[in-house]
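Below you'll find the structure, written out as structure tokens, and then a few comments.
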Amino acid sequence: MAGNSQRRNRRTSNKKGATVGSGGQRRRGLEGKGPTPPAEMRKKHKKNRIANAKAKQAARKPVARRGGKGQSEMVVGRNPVYEALRDGVPATMLYVQQFIDNDERVRDALNLAQQRGGIHLMEAPKPELDRMTNGLNHQGLVLQVPPYEYAHPEDLAAAAFDEGDDPLIVALDGVTDPRNLGAVVRSVSAFGGHGVVVPERRAAGMTAGAWKTSAGAAARTPVARATNLTRALEGYQKAGLTIVGLAADGEHKVGDLEALAGPVVIVVGSEGKGLSRLVGETCDYLVRIPMPGGAESLNAGVAAGVVLYEAARRRS
């Protein structure tokens, strides 16, 4: 009996009990931490990572698709450099020949570059400038123009719709003179248009000459570049835009076309050849500009301006 009692006492003494002075910590530990949060709110859970990724994606601003970049360009000569700086042609670097004769044109060009800001001045020896310009008569001044960043054709219509406007776009088919492109950009800006589309090949691009002719309008009017102009026009049609082509033998007069009051793309061809066959077949309407004076055709800049004025008049 005595042995059994001793064994029971040993078992009882080994049993752990409540710690004296615990302050109720064990009791609070048994109370729990409330309901389990959903998986989306629990860190390191797969659903939490997915939810965070979706939130970041929703907060990220959509990036417009780009139509690629043009080529960098050099403007050479004292007068051309001064005029490019004066007319707001984008530039990143002004190269100045060492020991150059500091005449009035050189001083004016340097002052304009400093006033505009963001244009680095670099002094270079004459042989280096000769090499950069392939031997052109640079007269000691060379201005580097960065590649133009083209928009994507779809961006022009999308931006107009986002603003609650009916898109008014001009597309150029076979226009190879940069000055005509600059004049069209200027007209589009003046009449409230939303941009210009040019083909990627065999067409004028946004060179320094186009910038100068636009008289600053190129800074606020986007130019898009299309790999295939016909497909770009078909894409506009699917988006609800009417394609209006200018042709000397067009069936409709420009002043009679009510479609100009809505979402529209005005297609202008070259002065000599006009619209190409595929582009002409893609157009919903072919219109002509009556010319009582008997002129056979107008250049692209003037023709676009006439139709843009009619479109703006109908929209006002």
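The values are calculated or read from the model by the stated rules, or taken from the named source; none is laboratory data. The shown structure was predicted, so the numbers you read here are calculated from the model rather than taken from an experiment. No Cβ is skipped: glycine too gets one built from the backbone with ideal geometry, and neighbour counts run over all protein chains shown. Ligands, DNA and RNA are excluded from the accessible area calculation, which covers all protein heavy atoms including side chains. Shrake-Rupley method; radii C 1.70, N 1.55, O 1.52, S 1.80 Å.
A few points about this structure:
- GLY235 vs. criteria open to solvent by 20 Å² or more (accessible area, probe 1.4 Å), in contact (Cβ under 8 Å) with a residue 60 or more places away in the chain, in a helix (DSSP H, G or I) and closer than 15 Å to VAL265 by Cα: yes
- From the list SER187, SER214, the lone residue that is of a type in the set (S, T, N, Q), more than 16 Å from the chain's Cα centre (by Cα), at pLDDT below 95 and open to solvent by less than 30 Å² (accessible area, probe 1.4 Å) is SER214.
- Qualifying residue in region 211-218 (condition: closer than 17 Å to ALA311 by Cβ and in contact with a Pro (Cβ under 9 Å, 6 or more places away or on another chain)): no
- Residues that are more than 20 Å from THR176 (Cβ to Cβ), hydrophobic (A, V, I, L, M, F, W, C), touching a residue at least 24 places away in the same chain (Cβ under 8 Å) and not in a helix (DSSP H, G or I) occur in region 288-306; there is at least one.
- Among all residues of region 291-308, there is none that is surrounded by 14 or more Cβ atoms within 10 Å (Cβ to Cβ), in contact with a Lys or Arg (Cβ under 7 Å, 6 or more places away or on another chain) and on the phi < 0 side of the Ramachandran plot.
- Restricting region 126-136 to residues that are free of Cβ contacts under 8 Å to residues at least 40 places away in the same chain and touching a Phe, Trp or Tyr at 6+ places or on another chain (Cβ under 9 Å), the residue that is surrounded by the fewest Cβ atoms within 10 Å (Cβ to Cβ) is LYS126.
- Complete set of residues in region 63-106 that are modelled with pLDDT of 90 or more, aromatic (Phe, Trp, Tyr) and assigned to a loop (DSSP other than H, G, I, E, B): none
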